[in-house]
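Right, one structure below, let's go through it.
The values are calculated or read from the model by the stated rules, or taken from the named source; none is laboratory data. Computed from a predicted model, the values in this text were never measured in an experiment. Cβ placement follows ideal geometry from the backbone for every residue including glycine, while neighbour counts extend to all protein chains displayed. Heads up: the accessible areas ignore ligands, DNA and RNA and are worked out on the full protein's heavy atoms, side chains in. Shrake-Rupley method; radii C 1.70, N 1.55, O 1.52, S 1.80 Å.
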Amino acid sequence: MATARRSVQGILLDHSWVSPGDLEKAEEMRKPGQEIGEVLVEMGALEPQRLIHAIAQHYRLPFMAYLDEHTIDLELVAKVPINYAKKNRLLPLYSDGTAVTLAVANPSNFEPLDDLRLLFGQEIDPVVSPPDVIAEAINRCYDRTQGNAQDLMVDLDQQAFEQAASELANEPRDLLESEEAAPVIKFVNSLLAQAAKDGASDIHIEPFERKQVVRFRVDGMLYDVVSPPKRFQAAIASRIKIMAGLNIAEKRLPQDGRIRFRIAGRDIDVRVSSLPTAFGERIVLRLLDRAQTLVDLSLDHLGFTGEVLERLDRIIRQAHGIILVTGPTGSGKTTTLYASLTRINSPEKNIITIEDPIEYQLPGVGQMQVNPKINLTFASGLRSILRQDPDVIMVGEIRDGETADIAIHASLTGHLVFSTLHTNDSFGALTRLVDMGVEPFLVSSSVLAVIAQRLVRMVCPACREPYTPDEAQLKRVDLANLQDTGPFYRARPGGCSQCRGKGYRGRTVIYELMVINDEIRSLVMRNADAATIRRTCVERGMQLLRQHGVRRILAGETTLEELMRVTQEEAI
């Protein structure tokens, strides 16, 4: 004789997952049609994982706390529209030929089970999984079913693609979204999806005389991805310009725009730049993963550690003064400034920035975009910011003497100012300000510290190879006299699946921090050059950029070759 099925409430009480008192309170709060378990979760009296486990027991179904995407049949997944899967919180897992195993979050919803029974022509064996686990598996699996841009180029029907290309190049906007244009739209979408999946920071679409090339920048390096036929060049450019809200008829002037899209549950912001060249429009798309950015915006996550992090933390909490971050384009200067602002951000502080462009949206921070078309420059914007009673100001970049002079005076009148400069090291920042026309006594009395930094690629730990460097390499990075330094590693040619064959995976920062003391102030007042300031800092034990890179090498995080690539030879 079959035993009666236990209620969800009874199962929760049996496992002591809720107390009788909480259950009574939930019964009083429950609205018509609302499940008791939902009320308990809203009250905070029950963990969602335990509720879904109790539901599985109630329906006598297997419970799966984790879904391994590598065991899921993607052919089955592709047959179910992603919107349908997300709406009904379900995902087909695999089939034994007679029945399809289906992960569901709500086994009481029988209608989708009947739909899928008809779709697959097989019985449905449901298993219960938490809603968030199913949602994450949906994102991962549908992302894998999309393929990449190269596969799409091979699979596209040639005639349909050529027809769509012609329409995109010549027809107005309402026709661009027509069904015939789907192949081109699909190709552009696949580029964006693949770039997001590969962790690319930029997509370069470059026209040449007889071809066009698409390249991704991953970890600071450009890689060829696909080479669409030259005749599709105008169609692809037009599609991207429409997505970015640009004028598709204007092909003689540079244009800038933005795109926002969502892929695998991630919001991606894209900054689009088009530039006319001799062989057509060159388009560069800068990708920013909004969710990942918020996670990464901390100084320790960026790579600042130990004594330097402690000193920097004290400096950025000063009441007034100016803090500069230097380095070439793409060295992470702005990210370091954002991390610093995030660290000191609080309701008691009024923080305002002026940037070109605004790369990250910071909660609680007023951010202003430079717009030269209406004469909103760094200098004019900075003047306006000073009338907004700020405590902390960030200037995206000091480009000219006027901006430098206003920033310096702002730091001397009770404001903490953050900004960037394009110099190769920290010592050159002080002399650069003087060269811009700022009086040496103003520089010496306002600058608190200068950070110089570079981004180095991290060697993939899964496929790195131990090796013994030769004496010449060691000498170039000041390691020739060190003994017992431990193993050295290099990137394996061809890499592995985890680093997509590159040998490197991810980047970290190497840095030098120059804190301005009385001795350095005296040198600035005497118009000393950068070499003299450098010698003084070295004599008092300051760690230089390359020396910090050596520590990264000895920790097995990067390689000699990578350090020598991003740092200059020490001529002094």
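Each residue in the stretch 507-521 was checked for being polar (S, T, N, Q) and assigned to a strand (DSSP E or B), and 1 of them qualify. Within this structure, Leu386 fails the test of being within 16 Å of His320 (Cα to Cα), touching a residue at least 60 places away in the same chain (Cβ under 8 Å) and not acidic (Asp, Glu). Within the stretch 213-223, not a single residue is over 30 Å from Val459 (Cβ atoms) and outside any loop (DSSP other than H, G, I, E, B). Which one is modelled with the lowest pLDDT among residues in the stretch 261-271 that are in contact with a helix residue (DSSP H, G or I) (Cβ under 9 Å, 6 or more places away or on another chain) and surrounded by fewer than 15 Cβ atoms within 10 Å (Cβ to Cβ)? That would be Gly265. For the stretch 475-516, a residue qualifies if it is of a type in the set (D, E, K, R), modelled with pLDDT under 90 and in contact with a helix residue (DSSP H, G or I) (Cβ under 9 Å, 6 or more places away or on another chain), and the qualifying residues are Arg476, Asp478, Arg490, Arg500.
The condition of being at pLDDT below 95 and outside any helix (DSSP H, G or I) holds for only one of Val438, Val417, Val450, that being Val438.
Counting only helices (runs of 4 or more DSSP H) wholly contained in the stretch 272-386, the ones carrying 2 or more residues that are open to solvent by 70 Å² or more (accessible area, probe 1.4 Å), out of contact with any strand residue (DSSP E or B) (no Cβ under 8 Å at 6 or more places or on another chain) and modelled with pLDDT of 90 or more occupy 306-315.
For the subset of the stretch 410-443 comprising residues that are polar (S, T, N, Q) and touching a Ser or Thr at 6+ places or on another chain (Cβ under 8 Å), which member is surrounded by the fewest Cβ atoms within 10 Å (Cβ to Cβ)? Ranking the candidates gives Asn424 first. In the stretch 96-109, the condition of being at pLDDT 90 or above, of a type outside the set (A, V, I, L, M) and either open to solvent by less than 50 Å² (accessible area, probe 1.4 Å) or closer than 17 Å to Ala135 by Cα (or both) is met by at least one residue.
When the stretch 387-409 is filtered for residues that are touching a helix residue (DSSP H, G or I) at 6+ places or on another chain (Cβ under 6 Å) and either surrounded by fewer than 16 Cβ atoms within 10 Å (Cβ to Cβ) or not in a strand (DSSP E or B) (or both), the ones remaining, listed by number, are Ile398, Glu402, Thr403, Ala404, Ile406, Ile408.
For the stretch 43-69, a residue qualifies if it is under 33 Å from the mean Cα position of the chain (by Cα), open to solvent by 40 Å² or more (accessible area, probe 1.4 Å) and in contact (Cβ under 8 Å) with a residue 12 or more places away in the chain, and the qualifying residues are Glu47, Pro48, Gln49, Met64, Ala65, Tyr66.
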